[in-house]
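Laboratory data are not the source of any read-out in this text; all were calculated from the coordinates shown. Fair warning: this is a prediction, and the values are worked out from it, not measured in the lab. Here the Cβ positions follow ideal geometry from the backbone for every residue, glycine too, while neighbour counts run over all protein chains shown.
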Amino acid sequence: MNNKIIKLGSFFSGIGSPEKALEKLKEEGIINDFKIEFFSEIDKNAIKSYCEIHNVDATLNLGNIKQIKGDKLPYCDLWIGGFPCQDISCAGKMKGFNFESSTRSSLGWEIIRLLNEVKEKPKFVIFENVKNITSKRFKETLNLFKEDLIKLGYSVFDSVLNAIDFNIPQNRERYFLVAILNTNAKYIFPKGNKTLLKLKDFMENEVDEKYYLSDSNYMKIEDNIIYLKNKKSDNIYEINIDKYYNGNCCGIDKNCKFHQSSRVYSELGYAPTLTASNTSENLKILVKEGEWL
């Protein structure tokens, strides 16, 4: 094991999920330790959460990435982050992340600017984004981004990974980019295997009634279809029993206006990807209690 303490810089930090991965690597003895040199976040609630979760002071937050000066940054071995996905995701308006677009997603180009400005570039840069960044619509822009990293002396490796292949029962596909400051570097992404765990394996046995949308009573049944009524509204949930037992998306909220949010998922399958632009109509999970028939 390398005894070096990894110096870390975090952009678009949120609550610092990648940092939790480094904590796990430390616990497993794969790395010795890491130290957060700085993070960059503008949301006040995320900043507060980040500091509590990672036990760091808010003075380490550099704030708006557009106002950061690269030549003022302390040296880091590793930069991590995932620039905003709203203008790339299928759940958004897909305005893109072209350098000239001034969209939220175009803030990713600030990383290229900072890499050009720093006194000493990080040895490693890791970024994450939605799978749709690899689509035909955005592939040209993504290639330009990778070309800039290569011009800066990095070897670039990228792949789309799914959480279900890494022991998490959630169908969450994400694009990962690993840049190594060595033109002869080699890197192979882990393959993973589809998990046998189900959403039910992670659910609590005792849950307050206020979190349930409906009770265990169904309104009517026909050809393996049941209809559940929301306890506080007129919403009706149409459920396919066969699909529930097969662990699939098993129903819809008949009154929901949004296609993604209308889906009802089986506890015997995988959780869906949670969208950042959610509405009051959230995704639903069907939990079976007692008998239907």
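Based on the reciprocal of the average 1/r between different C-alpha atoms, the Kirkwood radius for the stretch 199-286 equals 13.5 Å.
Taking the longest Cα principal axis of the chain as reference, the axis of helix 17-27 is set at about 80 degrees. Pairs from the list Lys7/Lys200; Lys26/Lys191; Lys66/Lys191; Lys151/Lys194; Lys198/Lys232 with a Cα-Cα gap above 31 Å: Lys7/Lys200; Lys66/Lys191; Lys151/Lys194. With the charge dipole of the chain set up from +1 on Lys and Arg Cβ and -1 on Asp and Glu Cβ about the Cα centre, the Cα lying farthest toward the positive end among the listed residues Phe145, Tyr175, Ile133 is that of Phe145.
Here the stretch 203-234 is scanned for amide nitrogen atoms under 19 Å from the site 7 Å beyond the Cα of Glu291 along Cα-to-Cβ, giving 216-227.
On full extension, the segment bounded by Asn230 and Ser49 gains 61.9 nm, given 0.36 nm per residue less the C-alpha separation. Computed from backbone phi with θ = phi - 60° and the Karplus coefficients 6.51, -1.76 and 1.60, the 3J(HN,Hα) list for the stretch 212-229 is 8, 7, 9, 9, 8, 8, 9, 7, 7, 9, 7, 6, 6, 10, 10, 10, 9, 10 Hz; x is used for glycine and proline. For the chain, report the % of Cα-Cα distances exceeding 35 Å. Summing the P(r) tail past 35 Å for the chain gives 30 percent. Here is how the number arises for the chain: DSSP H runs of 4 or more residues each give -39500 (n - 2.57), the sum is divided by the residue count, and the result at 222 nm is -5000 deg cm²/dmol. Using a cutoff of 8 angstrom between alpha carbon atoms and counting only pairs six or more residues apart, the relative contact order for the chain works out to 11 percent.
Only aspartates and glutamates eight or more places from Lys44 in sequence, or on another chain, were considered; those with a Cα closer than 14 Å are Glu52, Asp57.
For the options Glu117, Glu128, Glu267, a Gaussian network treatment of the chain with springs between C-alpha atoms closer than 10 Å singles out Glu117 as fluctuating the most.
Close amide-amide hydrogen proximity is noted between Ile285 and Tyr265, each under 5 Å apart and 5 or more residues distant or on a separate chain (H modeled in the peptide plane; Pro and chain starts excluded). Of Cys51, Cys250, the sequence from fewest to most neighbouring Cβ atoms within 10 angstrom is Cys51, Cys250.
Among Glu41, Glu52, Glu23, the ranking by other beta carbons within 10 Å of each residue's beta carbon, starting with the fewest, stands as Glu52, Glu23, Glu41.
Taking every C-alpha pair closer than 8 Å and separated by at least 6 residues, the mean separation divided by the residue count of the stretch 199-286 gives a relative contact order of 21 percent.
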